[in-house]
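Undergrad: Pasting in a structure now, in structure tokens, and then I'll have a few things to ask.
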Amino acid sequence: MTSWTIRTKLTFWYTSIFGGTLVLFGLLTYLAFSYANNKRIDVGLKEEAEGIAHYERISKNSFRKYVERISNERDEEWASGKYIAILNHAGNLQFRSGNLKDAHLSLNSHQIKEILSGKTYFKTVMTPKGRLLRIITIPKKDTQQLIQIGIVVNNDSALKIFLLALTALGCLAIIGSWFGGRFMAKKALSPIDCMIKELQQIETENLGKRLTIYPVKDEISELSGVINEMLTRLENSFNQVRQFTSDASHELRTPIAIMKAGIEVALARERDIYNYQQVLADTLEDLGRLSKIVENLFILAKADVGRYEIHMVRINLCPVITDIAEQLKLIAEQKNIFVSMEKMEDVSIDGDELLIRMLLLNLVDNAVKYTPLDGTIKLSLSKDKGCAKIVIKDNGIGISQEDSPHIFDRFYKTSKAGMANHTSNGLGLSICQWIVKSHHGTIMVESELHKGSIFTVTLPTC
Ligand SMILES: Nc1ncnc2c1ncn2[C@@H]1O[C@H](COP(=O)(O)OP(=O)(O)OP(=O)(O)O)[C@@H](O)[C@H]1O
Ligand SMILES: [Mg+2]
């Protein structure tokens, strides 16, 4: 059944349920009909039995005539007609009609006692020839006798015709429901066929194509809407990957081209040792930049596929920030930037120390890079609403309102940043955002052009 199409499955279930209901209905109708028929037979048998009791009371002669009339003496196999027997109070046979031969319905003493006390007893028995006999036994209270009348019941043609008609109609209805079900399933699934055809046409080159949504509000149009939303998400992430690859190759190309040009110029003619040393130093610097880009790209690529292993441990942030501030002071000194630590509260978080250090280093690196000579950078750490709040404030070049929403995008750098610093790759804040997200925290920026920036990181405390 696993290889069946939905259309066949729907048809199968529809026909099974319909057919099952029909069979149940037919069975119940047949049983009701058969029950009513048996009731009719029982009533007839009772009337006959009471008639015998009556005739037997009038005279032996008229009783015998009556018995001969209602029983068929020539019928040796009880094919039709009725048979009659009269038993005494002990269940011994006193009289039987000719067609009965040696047979009679045996009764046990308990049944005899019950019948003699006034109960009418019915039983259906199977004859050795396979016929069904419906037998009634009634008491004849004045003489303490039992009167039995039997009738062959499995020759009931009305019941047979009814059963035949029911079976024929049932079969026709099931065949009809199979074809009807197939037709309905085809009609119901035709929008899915269209959807399949439309989806088959969507390739990576035309990811912008969408499924047609018809104005009818049904499950199919809902599914088309969901698929379209999924296609939009896929298109966005596909474009993001495309953009990432092209930006990454572009970023890598520039330092490589600079290095290549520098080496080519150096090799164009013979130079003194100082010139070669200068070229090697420049190349080393470019290689350092290249390796930083590759390292950042590697972190982001691993983060994207969820393969960066994060080792959560309890971290006391105070010594970590103090340590970062010491490192910051060393690089800030070269630009005569004053670094101060404002509030330093004792706060601990659950986090990956390496990543937390990477986050803080990226932020302080930006603060130094984008703050001109003689500027100031302030760091603070405090507890705020169950979170550790780290603030890095500088009075540098600031970020315009147009740039602010984009600075966390990969490879995004403001035009001002390019002018202020040539080692701007636009990856640091993307990494910061991923680190903060993976620690269930937030990162926000408040900035004003030419006035400075405030980066606020909050991380849940433990
Ligand atoms: N403190 C800041 N002051 C002013 N501009 C900033 C500051 N921090 C970030 N920016 C702006 O945001 C951009 C993105 O920063 P991000 O750290 O992601 O990249 P980057 O510093 O240019 O390069 P790197 O990948 O080396 O970090 C920067 O190019 C800069 O324009
Ligand atoms: Mg940076």
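The values are calculated or read from the model by the stated rules, or taken from the named source; none is laboratory data. Quick caveat: nothing in here was measured; it's all calculated off a predicted structure. With ideal geometry, Cβ positions are generated from the backbone for all residues, glycine too; neighbour counts draw on all protein chains shown.
Undergrad: Are any residues in the stretch 178-193 charged (D, E, K, R) and in contact (Cβ under 8 Å) with a residue 40 or more places away in the chain, and if so, which ones?
TA: Arg182, Lys186
Undergrad: If you don't mind, there's one more thing I want to ask. Collect the residues in the stretch 242-284 that are more than 26 Å from Arg410 (Cβ to Cβ), surrounded by 11 or more Cβ atoms within 10 Å (Cβ to Cβ) and either touching a residue at least 40 places away in the same chain (Cβ under 8 Å) or β-branched (Val, Ile, Thr) (or both), keeping them in residue-number order.
TA: Ile263, Val265, Val279, Thr283 - these are the residues of the stretch 242-284 that are more than 26 Å from Arg410 (Cβ to Cβ), surrounded by 11 or more Cβ atoms within 10 Å (Cβ to Cβ) and either touching a residue at least 40 places away in the same chain (Cβ under 8 Å) or β-branched (Val, Ile, Thr) (or both).
Undergrad: So, one more: In the set Lys416, Lys385, which member is modelled with pLDDT under 95, within 15 Å of ligand 2 (Cβ to nearest atom) and not hydroxyl-bearing (Ser, Thr, Tyr)?
TA: Criteria check complete, one pass: Lys416.
Undergrad: OK, next. So Asp350 passes all but one of these: (1) within 13 Å of ligand 1 (Cβ to nearest atom); (2) outside any helix (DSSP H, G or I); (3) in contact with a strand residue (DSSP E or B) (Cβ under 7 Å, 6 or more places away or on another chain). Which condition number does it fail?
TA: That leaves (1) as the condition not met.
Undergrad: Out of the residues in the stretch 361-373 that are within 12 Å of ligand 2 (Cβ to nearest atom) and free of Cβ contacts under 8 Å to residues at least 60 places away in the same chain, state the one that is nearest to the chain's Cα centre (by Cα).
TA: Among those that are within 12 Å of ligand 2 (Cβ to nearest atom) and free of Cβ contacts under 8 Å to residues at least 60 places away in the same chain, it is Leu361.
Undergrad: Further, regarding this structure: What are the residues in the stretch 278-316 that are part of a helix (DSSP H, G or I), within 19 Å of Leu429 (Cα to Cα) and touching a helix residue (DSSP H, G or I) at 6+ places or on another chain (Cβ under 8 Å), if any?
TA: Within the stretch 278-316, Arg289, Leu290, Ile293, Val294, Asn296, Leu297, Ile299, Leu300, Ala303 meet the criteria.
Undergrad: Would you mind finding the one in Gln200, Gln240, Gln148 that is within 30 Å of Arg7 (Cβ to Cβ), not assigned by TED's automatic domain parsing to the domain that holds Lys413 and not acidic (Asp, Glu)?
TA: Step by step, each of Gln200, Gln240, Gln148 is checked, and only Gln200 is within 30 Å of Arg7 (Cβ to Cβ), not assigned by TED's automatic domain parsing to the domain that holds Lys413 and not acidic (Asp, Glu).
Undergrad: Moving on to the next point. Name, by its number, the condition in (1) surrounded by 13 or more Cβ atoms within 10 Å (Cβ to Cβ); (2) in a helix (DSSP H, G or I) that does not hold for Asp323.
TA: Here Asp323 meets the rest and fails (1).
Undergrad: Lys335 fails exactly one of the following numbered conditions: (1) part of a helix (DSSP H, G or I); (2) within 16 Å of ligand 2 (Cβ to nearest atom). What is the number of that condition?
TA: (1)
Undergrad: Of the residues Thr376, Thr423, which is surrounded by fewer than 17 Cβ atoms within 10 Å (Cβ to Cβ), under 22 Å from Leu330 (Cα atoms), more than 16 Å from ligand 2 (Cβ to nearest atom) and in contact (Cβ under 8 Å) with a residue 24 or more places away in the chain?
TA: Step by step, each of Thr376, Thr423 is checked, and only Thr376 is surrounded by fewer than 17 Cβ atoms within 10 Å (Cβ to Cβ), under 22 Å from Leu330 (Cα atoms), more than 16 Å from ligand 2 (Cβ to nearest atom) and in contact (Cβ under 8 Å) with a residue 24 or more places away in the chain.
Undergrad: Shifting gears a bit: List every residue pair whose Cβ atoms sit under 7 Å apart, with the two residues 6 or more apart in sequence or on different chains, where the first one lies in the stretch 16-35 and is not in a helix (DSSP H, G or I) and the second, anywhere, is not charged (D, E, K, R).
TA: none
Undergrad: Can you go through Asp286, Asp350, Asp282 and tell me which one is of a type outside the set (Val, Ile, Thr) and touching a Pro at 6+ places or on another chain (Cβ under 6 Å)?
TA: Asp286 is the lone residue from the list that is of a type outside the set (Val, Ile, Thr) and touching a Pro at 6+ places or on another chain (Cβ under 6 Å).
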